[in-house]
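Peer 1: Before I ask anything, let me first share the structure, which is written out below as C-alpha cells.
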C-alpha cells in the first residue's frame, strides 16, 4: 500500500475580504449622502425661518432664490439678488447686492464664511442729503464663529474697496487696498478688536484743506489692538450713552499710524463724555518729530507759535528707541498733541445702526 505523504491542499480562501473595503466605502458614501441631503434641508429651513423672524421684527427681506449646494465637501447657502431694509428703530438702512453666499464645512457648522458680491447698494438714514451709496470690492468676506452663547468670534476681509455716492458720483473712498478685522468676545464682558488697514485713500473732498495739506489723502497703514469693556451694554442696543454710563471704554493696547509725515504709535484709553464727545488719553510715540511739526505748520493745522511750543515739548519729552513720547488727548471737545490743540472732537452718534440677528444654523455637534 502506497501512502501519500504530500500536504493536503490549502482550503480555498473566500474572496469576500477583497470586497469588504469597497462595500464599506459604498455604505459610507450612501450614509454621508443621506446626511448631506438631510442637513442641506435643515439649513434651507433655518434660512427661511430666519427671514420670517426678521420680517416679524419689521425688516423687509426680499430675494430671487435661496439654494444650498457644495456637495460633497461643503455646505454653501446662496441668495440671489438679496435686499434687506431695516425698520426705522434699527436705523432704517437698506442693503442690496447681486449675490450673498455663506459656506461651512460639514464637520464644523459653527463656523461660516459669508461672501458679498459686488457692487452693493447701501442706503443710510443720515443728515446728509445723499445717503445712497455704492460699494465695490475685489473681495469682501466675513467670518462668523458661534457657540452656545451666540457669536463669539467674527472677522472681516476687504480688498480693492471703493465707495461713492450713487446720485452725485462723489467719491468717499477712492481706494482701500486691504482691511483685516478680527473680533472675539472675551471674559469679563469684553470684546477684543484687532484691525489692520493698508492703502486707504479718501475722496478729494472728504478731509478739510488743512489736514489734506498737512498729511495728504492716503493713509498707508492703520493698525490697532483694542478691547471694549462693558461689551454687553453696547451690544444690547448699540447706544453709546448707555454704554458710557456703565463705564464702557476702549482700552487701546497698541496703535500704529502711517499717514504722510505722521509716523505714530501708542497706547491708552478712550471713552465718551456726557455729550458723547471722545475723551481720554494716549501715550504716543512720534518717530519723526521735526517732520510732523513741519507738516502741521505748513498745512495750517497749527500756527507758527503753536508749532514752536510743540517743538519745545518734543525736545523736553522722554525719548525712547522708537521715538519721542508725547501725550495725545481728547478733552472737552478738543484734540491735543502735547500742549497744543490740533483739532476738534465732535459728538458721536448716540445710536449706531443695528444689524439683524444672525441665524442659528444647525450645528453638526448637536445633532
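Here, each number is a calculation from the coordinates, and none is a lab measurement. Worth saying up front: this structure is predicted, and the values here are computed from it rather than measured. Ideal geometry is used to build each Cβ from the backbone, glycine not excepted, and the neighbour counts take in all protein chains shown.
Peer 1: Please list, in order, the residues from the stretch 220-236 whose amide nitrogen is less than 18 Å from a point placed 7 Å along the Cα→Cβ vector of residue 283.
Peer 2: 225-227
Peer 1: So what are the radius of gyration and Dmax for the Cα set of the stretch 198-319, in Å?
Peer 2: Here Rg and the maximum Cα pair distance are 16.9, 47 Å.
Peer 1: Extending each Cα 7 Å along its Cβ direction at residue 108 and residue 294, get the distance between those two points in nm, one decimal.
Peer 2: So the two model labels end up 5.0 nm from each other.
Peer 1: Shifting gears a bit: Report relative contact order for the stretch 207-361 in percent, whole number only (criteria: Cα-Cα under 8 Å, sequence separation at least 6).
Peer 2: 22
Peer 1: Given the rule -39500 (n - 2.57) for each run of at least 4 DSSP H residues, summed and divided by the residues of the chain, what is its mean residue ellipticity at 222 nm, to the nearest 500 deg cm²/dmol?
Peer 2: So the calculated ellipticity at 222 nm is -7500 deg cm²/dmol.
Peer 1: Still on this structure, please answer the following. More than 37 angstrom separation, counting every C-alpha pair in the chain; what % is that?
Peer 2: I get 37 percent for the Cα pairs in the chain exceeding 37 Å.
Peer 1: Let's test the formula: R0 of 35 Å, r as the Cβ-Cβ distance of residue 184 and residue 332. What FRET efficiency results, to the nearest 0.05?
Peer 2: Efficiency, from the Cβ-Cβ distance: 0.55.
Peer 1: Taking only Cα atoms and a 10 Å spring cutoff, compute GNM fluctuations for the chain and point out the largest among 222, 163, 124.
Peer 2: Top of the fluctuation ranking is 124.
Peer 1: If each residue of separation counts as 0.36 nm, what is the full-extension length gain between residue 24 and residue 73 once their alpha-carbon separation is subtracted?
Peer 2: Additional length available on full extension: 15.7 nm.
Peer 1: Something else now. Mind checking which of 279, 267, 167 has the largest fluctuation in a GNM of the chain, springs on alpha carbons under 10 Å?
Peer 2: Checking each option, the largest mean-square fluctuation is seen for 167.
Peer 1: Quick one: if you take sqrt(5λ) for each eigenvalue of the C-alpha gyration tensor of the stretch 37-185, what semi-axes come out, biggest first, whole angstrom?
Peer 2: 28, 19, 15
Peer 1: Springs between alpha-carbon atoms under 10 Å, Gaussian network over the chain: tell me which of 283, 269, 56 tops the mean-square fluctuations.
Peer 2: Comparing 283, 269, 56 in the GNM, the peak value goes to 56.
Peer 1: With each pseudo-label sitting 7 Å past Cα toward Cβ, what's the residue 38-residue 222 distance in nm, one decimal?
Peer 2: About 4.9 nm separates the two model spin labels.
Peer 1: Could I ask something else about it? Between residue 236 and residue 49, what is the FRET efficiency for a Förster distance of 22 Å, r being their Cβ-Cβ separation, to the nearest 0.05?
Peer 2: It comes out at approximately 0.40.
Peer 1: Provide the FRET efficiency to the nearest 0.05 for the residue 115-residue 246 pair, computing r from the beta carbons and using R0 = 30 Å.
Peer 2: Efficiency computed from Cβ-Cβ geometry: 0.25.
Peer 1: Here's something else I'd like to know. Compute the helix-to-body angle for 16-56: its Cα long axis versus the longest principal axis of the chain, expressed 0 to 90° and rounded to tens.
Peer 2: 40
Peer 1: Could you give the length gained by full extension between residue 198 and residue 89, i.e. 0.36 nm per residue of separation minus their alpha carbon distance, to one decimal place?
Peer 2: Result for the pair: 35.8 nm of gain on full extension.
Peer 1: Here's something else I'd like to know. With each label point set 7 Å from Cα along the Cα-Cβ vector, what nm distance links residue 212 and residue 254?
Peer 2: 3.4
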